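Comments concern the structure below.
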Amino acid sequence: MNNLVVKYLIGIDLGTTNTVVAYTDMLKPLTSDNCHIFEIEQLVAPGEVAKRPLLPSFRYHPAGGEINPIDLQLPWSDVAVDKLEGELPLVVIGEWARELGAKVDGRQVVSAKSWLSHPHVDRNADILPWAGAEGVAKVSPVLASASYLLHVRHAWNFAHPDALMEDQEVVITIPASFDEGARALTVEAASRAGLVNILLLEEPQAVCYDWYARQGARVQRELAKIKLLMVCDVGGGTTDLSLIKVAQGKDNSLALTRIGVGNHLMLGGDNVDLALAHIAEGLINGGTSANKKLSAANLSQLIQQTRKAKELLMGDDAPGSARVTVLGSGAKLIGGAKSCELTKQAVRDIALDGFFPNISFDQRPLKRRSAVVEFGLPYAADPAVSKHVAEFIADHQIACKDALGIDSTQSGHAIPDAVLFNGGVFNSAVLSERTIELLSEWRGSAVNRLENHHPNLAVAQGAVAYARARRGAQLKIGGGSARTVFLVLEQQDAGKQAICLMPKGTEEEQELTLSERKFSLQLGLPVQFHLFSTTADQGYKIGEIITLDEQTLASGRFISLPPLVVVLEKTTLDSVIVSLATRFTEVGTLKIDCVAENQQRWHLEFQIRQPLSQRTATDKTDALPDCFDQVREKVDLVFGESKKQITPKAVKSLRADIEKLLGKREHWELPLLRALFDQLLEGKNHRRRSAAHERIWFNLAGYCLRPGFGYLIDDWRVEQIWGLYEQGLQHHQETQVWIDWWTFWRRASGGLSALQQARVFEDIEKFINPAALTNRKLKEEAKQKSYQDMVKLVATLELLPIEHKTKISEWLLKRLQKSSETSSSWWALGRLASRIPFHGSAHNVIDKKEIQSWLPQLLSIDWKKNPQAAFAVVLMSRMSGDRSRDLDADWRAKIIQQLTLVKAAESWIEMVDSIKELNEAETKRVFGEGLPIGLKLIQ
């Protein structure tokens, strides 16, 4: 990108709360004076366009007829410009969108950047606004992020028609803590906005670049007594921490090296706003009664009000209090308004004591989930920023002592001697002063504060300074990759064996080859690599092998990356010997290639879909038992090419024969299960030899593939078996074969795509529809094909659209009014309406209003006689911590009361009353079957 002939260097701070654009004119000297903020034209009121230095990162999705399209005209609206694929026809972006969201509930998209880094939802799915009003159109976090970038691109291009943004050098900033998935999605959002050739820069580094550029000749004097700088960036959605070593050379030269970054923390000003909204909610309702909670959409509106109040009351010359108001909806827009006063002291107490408490250095964040959980975002469990800062410094003591020149064997804590603040939170002098006091107290002497007079602009300006530094116009911060990357090799009794692929500090575009390790890869089959990364300051070397034991993984310092997958094209060879080559790209992402001896390369792609389960640190060895060859022989005898005649009894006893060799199947571990599945897969074409063959194959294969995801190349396995669905059953007259057929697809359903799940539902739908009860032919067919197992299967199709799941649930409610309905329908109803999906995205759950409309019918049932109905209600009302999904508190109170009266299991009451992690037995009951040993559900 250095060879690109450009007129401008452009820096974009794609923030959680605001997006900012800065630029340098290449026709002028590349100095700090030549850095300007590009004022972005945007709607600030109906039909009113104005230039602002900040583009609020907010979208507003108006209702039909709410806004006149003429009032949405922007200067470039009549110009032929690129449209964003999948964009809504009418949308407001920027300042007016922020103001509208504070007045109308459920139509505002906020914190898209936080959602971009949320691994437990489909970030390309239309899920925002999360607490959307009924009927509001939604978009994905990627599209929302792309829309902000496209807006600034259009604004820039309108102002610079001879120097289009896509033709300039563009640097987009991201949190240093963004993982590979979030980085890749940021690049995707930029690409969708027409910005294909971009660079990524970590935000704390950008802040440091901006500070350095603004010092000019003073920089040597300012840094003369500083050895270790901590950049503390607390923005709207994230807390980002970095350590930068300051070294003075003998020739009076200066070197800055980033030596540590923190893990991703979803903790920032948004959390303060949310905490204040909870206080305001209690005041508005005349108390703190949990039964008087606002709706999720109302709360979203209230948060925008408390954000304004916070900024006012935490600022200089603040008034004694501020009023916040939640407007009603529809005809009650004004009459339904509710207000309360937030005092300056209360706001400051919340911010200081709750988020920046005065603590000792040895205090650490709580790991349990906090009460401050809303809107489906996985906020940090402990909101105390000061505890996270202490943990970050403690985790990097080796690097801190080295930078400060302290003997590594010396006792005591090494605390940075300078701090540079950034982010909207530190617009408040109260909070920055508290943090300085804490750091100084931990250090035992004063900590220097480097002044950042424009925290809202520094990141974008720093991105431009970085672009100048790449051209030699100023000092470039060293440090390279912020993480060490490991490849998991094998499993030993003590833990996972992993080899270092890329040490922390690897510079951009430096290729490293793991030459001493060769891998034999089969051609024509997918190969998947399991990687871990760590920001720990321990110095690892390429090729170094470590053991990731249970304690190490439980510490949270080693993060599992999305898997890497490659399918090597089939040639005349069966396999190829390769080495692995890694490179830290200038975009800031990890690139890994398989390199053959003839230098042919295959690029490994990250699979961004993060599974909701993972292998635990207590997995036993991946090595298969010694008797597995005998197991292969038995499977091959039944399902292989062998012409040897075997008796029907030998086919039926295959499972029992395998259990004699391997032990009871409930004790089979994940690697063994998948190895056995792969053996069965080889014989899938011979499953039709007899009804017994077909039944046994689906029974065993389904058990070994459950839950359809969570292990290496499971995506590929599901791809291989989908063709069997299209082929159907050979021995379709036998009910037991149908039972094993439906059970197989239920066990594999977690790995099926949305389209595949829809296809399964199409075939089952007619049997579940209550209309089938009046059709004699359908009733007989349903009985013959095992209606009960069809119901259990349809309940696991979590990727079906909400309207389908709602329709199925209503059908089951109607059928369950008859005593002849199978009891499995109760479990299916609860699973369909569950608040917490197993493999689906958290946005795709039935609306809680629908469920609450069903509760009168369900509460009228005698739960003592019908515990299945009680358990269905438990699943429907299970607490997730997300107000938009959780049932209203008064309904949950009624459910808990009835569960208590019938003396239901205490664990059932806990699920309704609080956020509960399921144990093994509870997982089995909730999801219909236990998970394989080695898989743990991540809530």
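The values are calculated or read from the model by the stated rules, or taken from the named source; none is laboratory data. None of the values given here were measured: they were computed from a predicted structure. Glycine also receives a Cβ, built like all others from the backbone with ideal geometry; neighbour counts cover every protein chain displayed.
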Q: Having 1 or more residues that are out of contact with any helix residue (DSSP H, G or I) (no Cβ under 7 Å at 6 or more places or on another chain) and among the basic types (Lys, Arg) is the bar; report the helices (runs of 4 or more DSSP H) wholly within segment 742-810 that clear it.
A: 754-768, 776-784
Q: Please specify each residue of segment 188-197 satisfying the condition of being over 16 Å from the mean Cα position of the chain (by Cα) and surrounded by fewer than 23 Cβ atoms within 10 Å (Cβ to Cβ).
A: Ser191, Arg192, Gly194, Leu195, Val196, Asn197
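This table checks each residue for (1) more than 31 Å from the chain's Cα centre (by Cα); (2) farther than 15 Å from Glu169 by Cβ; (3) at pLDDT 90 or above.
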site: Asn448; (1), (2), (3): yes, yes, yes
site: Leu457; (1), (2), (3): no, yes, yes
site: Ala460; (1), (2), (3): no, no, yes
site: Ala467; (1), (2), (3): no, no, yes
site: Ser481; (1), (2), (3): no, yes, no
Q: Out of Leu859, Leu813, Leu797, report the one residue that is buried (at least 22 other Cβ atoms within 10 Å of the Cβ) and at negative phi.
A: Leu797
Q) Where residues in segment 160-182 are under 19 Å from Ser147 (Cβ atoms) and of a type outside the set (S, T, N, Q), which of them is farthest from the chain's Cα centre (by Cα)? A) Leu164
Q | Residue under evaluation Ala893, criteria (1) more than 29 Å from Gly132 (Cα to Cα); (2) surrounded by fewer than 19 Cβ atoms within 10 Å (Cβ to Cβ), criterion not met | A | (1)
Q | Scope segment 129-144; condition within 11 Å of His843 (Cβ to Cβ) and in contact with a strand residue (DSSP E or B) (Cβ under 8 Å, 6 or more places away or on another chain); matching residues | A | Pro129, Lys138, Ser140, Pro141
Q | segment 425-446, residues that are buried (at least 20 other Cβ atoms within 10 Å of the Cβ) and out of contact with any Phe, Trp or Tyr (no Cβ under 9 Å at 6 or more places or on another chain) | A | Phe426, Ser428, Leu439
(Q) If I filter segment 774-782 for residues that are touching a residue at least 40 places away in the same chain (Cβ under 8 Å) and at negative phi, do I get at least one hit? (A) no
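Check every one of the strands (runs of 3 or more DSSP E) wholly within segment 454-515 and list those with 1 or more residues that are hydroxyl-bearing (Ser, Thr, Tyr).
Details: elements: 484-492, 495-502, 511-513.
Ranges flagged: 484-492, 511-513.
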Q | Among the residues listed as Thr19, Thr31, Thr24, the single one being within 30 Å of Gly424 (Cα to Cα), surrounded by fewer than 18 Cβ atoms within 10 Å (Cβ to Cβ) and among the β-branched types (Val, Ile, Thr) | A | Thr31
Q: Kindly check whether there is at least one residue in segment 833-840 that is touching a Lys or Arg at 6+ places or on another chain (Cβ under 9 Å) and free of Cβ contacts under 8 Å to residues at least 24 places away in the same chain.
A: no
Q. With (1) in contact (Cβ under 8 Å) with a residue 12 or more places away in the chain; (2) under 24 Å from Glu188 (Cβ atoms); (3) not basic (Lys, Arg) as the list, and Pro89 as the residue in question, which single condition is left unmet?
A. (1)
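Quick check on my filter: what residues within segment 54-86 are among the polar types (S, T, N, Q) and touching a helix residue (DSSP H, G or I) at 6+ places or on another chain (Cβ under 8 Å)?
Passing the criteria: only Ser57.
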(Q) Given the criterion crowded, with 21+ Cβ neighbours inside 10 Å, touching a Ser or Thr at 6+ places or on another chain (Cβ under 7 Å) and closer than 22 Å to Thr796 by Cβ, identify the matching residue among Trp745, Trp738. (A) Trp738
Q: Report whether or not Asp210 is in a strand (DSSP E or B), acidic (Asp, Glu) and not assigned by TED's automatic domain parsing to the domain that holds Leu604.
A: no
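Among Gln220, Gln205, which is touching a Lys or Arg at 6+ places or on another chain (Cβ under 7 Å) and either in the same structural domain as Ile592 (by TED's automatic domain parsing) or in a helix (DSSP H, G or I) (or both)?
Among Gln220, Gln205, only Gln205 is touching a Lys or Arg at 6+ places or on another chain (Cβ under 7 Å) and either in the same structural domain as Ile592 (by TED's automatic domain parsing) or in a helix (DSSP H, G or I) (or both).
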Q: Return a yes/no flag: does segment 826-839 have any residue that is over 27 Å from the mean Cα position of the chain (by Cα) and either at positive phi or surrounded by fewer than 23 Cβ atoms within 10 Å (Cβ to Cβ) (or both).
A: yes
**Q.** Ala701 being more than 39 Å from the chain's Cα centre (by Cα), aliphatic (A, V, I, L, M) and part of a helix (DSSP H, G or I)
**A.** no
Q | Criterion (under 20 Å from Ser880 (Cα atoms) and among the hydrophobic types (A, V, I, L, M, F, W, C)) met by exactly one of Ala772, Ala795, Ala754, Ala782 | A | Ala795
Q. Given (1) crowded, with 17+ Cβ neighbours inside 10 Å; (2) in a loop (DSSP other than H, G, I, E, B), where does Ser819 come up short, assuming only one miss?
A. (1)
Q) Somewhere in segment 109-120, is a residue of a type in the set (D, E, K, R) and surrounded by fewer than 23 Cβ atoms within 10 Å (Cβ to Cβ)? A) no
Q) Of all residues in segment 622-680 being charged (D, E, K, R) and in a loop (DSSP other than H, G, I, E, B), which is surrounded by the most Cβ atoms within 10 Å (Cβ to Cβ)? A) Asp622
Q | Selection within segment 53-75 - surrounded by fewer than 16 Cβ atoms within 10 Å (Cβ to Cβ) and touching a residue at least 40 places away in the same chain (Cβ under 8 Å) | A | Ala63, Pro75
Q) Is it true that some residue in segment 705-714 is part of a loop (DSSP other than H, G, I, E, B), closer than 30 Å to Gly840 by Cα and β-branched (Val, Ile, Thr)? A) yes
Q | Matching entry among Gln168, Gln108 (being touching a strand residue (DSSP E or B) at 6+ places or on another chain (Cβ under 6 Å), polar (S, T, N, Q) and farther than 21 Å from Gly235 by Cβ) | A | Gln168
